[in-house]
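Participant: Before anything else, here's the structure in question.
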Amino acid sequence: MKLFVDTGDIEEVRQAAEWGIIDGVTTNPTLIAKSGHGFKETVLKICELVPEGAISAEVVATDYDTMLKEALEIHSWHPNIVVKVPLIENGIRLVKTLSDKDIQTNVTLVFTVSQALLAAKAGATFISNFVGRVDDISDDGMVAVAKSVEMVETYGYDSEILVASIRHPLHVVQAVEAGAHIATMPFKIMSMLFKHPLTDAGLKRFLADWNDAGLSIFPK
Ligand code: E4P
């Protein structure tokens with residue numbers, strides 16, 4: 001399973017990249033706006049910090065011609081950029097055009113299997129199925145994820161199901177159980193994956209015992 005960090009904050013990307021376990025970064029217009037820096041500048045810095053990663057950067061137009069212009073501009077910035085496209089009619093049309101040109105895409109704002117099917121048929125590289133926003137309105141966002149994973153596997157589509165809008169570590173566990181290909185999450189949630197009170201207590205005890213015995217790894 002691939003792990004992406006969902007942020008436009010360069011310091012968060014830098015720290016997550018140091019862990020050596022991230023496969024990419026997702027941004028969206030809200031996250032870029034929150035970063036307080038320019039779009040191209042932020043995305044290129046992320047590409048530099050995660051040199052092997054897939055870095056999603058989103059178009060903001062909704063008419064096809066402008067979406068295409070924006071997509072080609074964003075794509076020209078760096079070979080690792082994945083053009084993020086909203087699931088609207090012009091978006092699906094754009095994904096088909098880009099996939100015919102071998103340009104990677106991430107279809108965003110996907111909530112249902114039927115939407116995921118459209119994205120898969122258009123040749124999306126990644127399909128961002130949002131879970132938290134569905135949970136927020138008292139439904140179970142993970143249901144569509146499991147069904148979409150089954151859909152792409154049954155029909156042999158190349159698209160990967162990316163679980164987005166993750167709100168807590170249990171969503172990550174459920175994404176694993178659903179067989180999702182990728183989970184993207186805020187830096188704070190990724191940091192929480194490390195945590196267990198028994199890990200902290202266990203380490204404290206190991207180090208206390210070691211120090212009480214006056215031991216050392218290196219010759220004194
Ligand atoms: C995904 O790519 C989106 O950027 C993100 O996961 C949305 O999360 P939110 O619902 O917490 O805003």
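The values are calculated or read from the model by the stated rules, or taken from the named source; none is laboratory data. In this text, all values refer to a predicted model and were calculated from it rather than measured experimentally. When we count neighbours, we look across all protein chains shown, and the Cβ atoms used for this are built from the backbone with ideal geometry, even at glycine. For accessibility, only protein heavy atoms count, side chains too; no ligands or nucleic acids. Shrake-Rupley method; radii C 1.70, N 1.55, O 1.52, S 1.80 Å.
Participant: Relative to the Cα centre, what is the charge dipole magnitude of the range 79-171, using +1 at the beta carbon of each Lys and Arg, -1 at the beta carbon of each Asp and Glu, and rounding to the nearest 20 debye? Can you show the working numbers first?
Facilitator: Working: 8 positive and 11 negative charges, 58 e Å.
That gives the range 79-171 a dipole magnitude of about 280 debye.
Participant: What nm distance separates the two modelled labels at Asp158 and Lys195, each placed 7 Å from Cα along Cα→Cβ?
Facilitator: 4.0 nm
Participant: With a 1.4 Å probe and every protein chain left in place, work out the accessible area per residue of the range 145-206 in Å², rounded to a whole number.
Facilitator: Values: 3600 Å² over 62 residues.
Spelled out: the 1.4 Å probe surface of the range 145-206, per residue, equals 58 Å².
Participant: Next question. In nm, to one decimal, how far is the modelled label at Ile137 from the one at Asp100, with both set 7 Å along Cα→Cβ?
Facilitator: 3.3 nm
Participant: Determine the dipole magnitude for the range 2-195: charges of +1 sit on the beta-carbon of Lys and Arg, -1 on that of Asp and Glu, nothing else is charged, the reference point is the Cα centre, and the result goes in debye to the nearest 20.
Facilitator: Details: 16 positive and 26 negative charges, 24 e Å.
Computed about the Cα centre, the dipole is about 120 debye.
Participant: So for the chain, taking the charge dipole from beta-carbon charges (+1 Lys/Arg, -1 Asp/Glu), which of Thr30, Ile103, Ile88 sits furthest toward the positive end?
Facilitator: After comparing all options, I get Thr30.
Participant: Turning to a different aspect of this structure: With all protein chains present, how much of the accessible area of the range 161-207 (probe radius 1.4 Å) comes from carbon and sulfur, to the nearest whole percent?
Facilitator: Working: 1890 of 2710 Å².
That fraction is 70 percent.
Participant: OK, next. Based on the Kirkwood radius over alpha-carbon pairs, what value in µm²/s does the Stokes-Einstein equation return for the translational diffusion coefficient of the range 69-133 at 37 °C and 0.692 mPa s?
Facilitator: On the way: Rh = 11.7 Å.
Answer, rounded: 282 µm²/s.
Participant: Using a probe radius of 1.4 Å on heavy atoms only, what accessible surface per residue do you get for the range 1-81? Whole Å² is fine. Please report the intermediate quantities before stating the final value.
Facilitator: Numbers: 3990 Å² over 81 residues.
That works out to 49 Å² for each residue.
Participant: Continuing with the same structure: Trypsin sites (Lys or Arg not before Pro) within the range 167-205: which are DSSP loop residues with at most 16 other Cβ atoms inside 10 Å?
Facilitator: On the way: sites: Arg167, Lys188, Lys195, Lys204, Arg205; in loops: Arg167, Lys195.
In loop regions of the range 167-205 (DSSP not H, G, I, E or B), the sparsely surrounded trypsin sites (Lys or Arg not before Pro) are Arg167, Lys195.
Participant: If you don't mind, another one. Exceeding 26 Å between C-alpha atoms, which entries from my cross-link table qualify? They are Lys40/Lys195; Lys84/Lys121; Lys34/Lys188. Show your work: numbers first, answer last.
Facilitator: Working: Lys40/Lys195 34 Å; Lys84/Lys121 16 Å; Lys34/Lys188 15 Å.
Correct reply: Lys40/Lys195.
Participant: On the principal axes of its Cα set, how long, how wide and how thick is the chain? Give whole Å, largest value first.
Facilitator: So the three principal-axis extents are 70, 37, 31 Å.
Participant: Same structure again: Count neighbours as other Cβ atoms within 10 Å of each site's Cβ, and list the GluC sites (Glu not before Pro) in the range 49-100 that are DSSP loop with at most 11 such neighbours. Could you put the intermediate results ahead of the total?
Facilitator: Values: sites: Glu52, Glu58, Glu70, Glu73, Glu89; in loops: Glu52.
For GluC sites (Glu not before Pro) across the range 49-100 that sit outside H, G, I, E and B with at most 11 neighbouring Cβ atoms in 10 Å, the list reads Glu52.
Participant: Okay, moving on. Once each part is reduced to its C-alpha centroid, what is the distance from the range 47-124 to the range 1-35 in angstrom?
Facilitator: Value for the Cα centre distance between the two parts: 18 Å.
Participant: Okay, moving on. Any idea of Thr154's accessible area? Nearest 10 Å², probe 1.4 Å.
Facilitator: The value for Thr154 is about 90 Å².
Participant: Carbon and sulfur together cover what percent of the accessible area of the range 1-143 at a 1.4 Å probe radius? If you can, show how the numbers build up before the last one.
Facilitator: On the way: 3400 of 6680 Å².
That fraction is 51 percent.
Participant: Only sites in a loop by DSSP and with at most 10 other Cβ atoms within 10 Å count here; which chymotrypsin sites (Phe, Trp or Tyr not before Pro) in the range 148-212 make the cut? List each step's numbers first, then the result.
Facilitator: On the way: sites: Tyr155, Tyr157, Phe187, Phe194, Phe206, Trp210; in loops: Tyr157, Phe194.
Sparse-neighbourhood loop chymotrypsin sites (Phe, Trp or Tyr not before Pro): Phe194.
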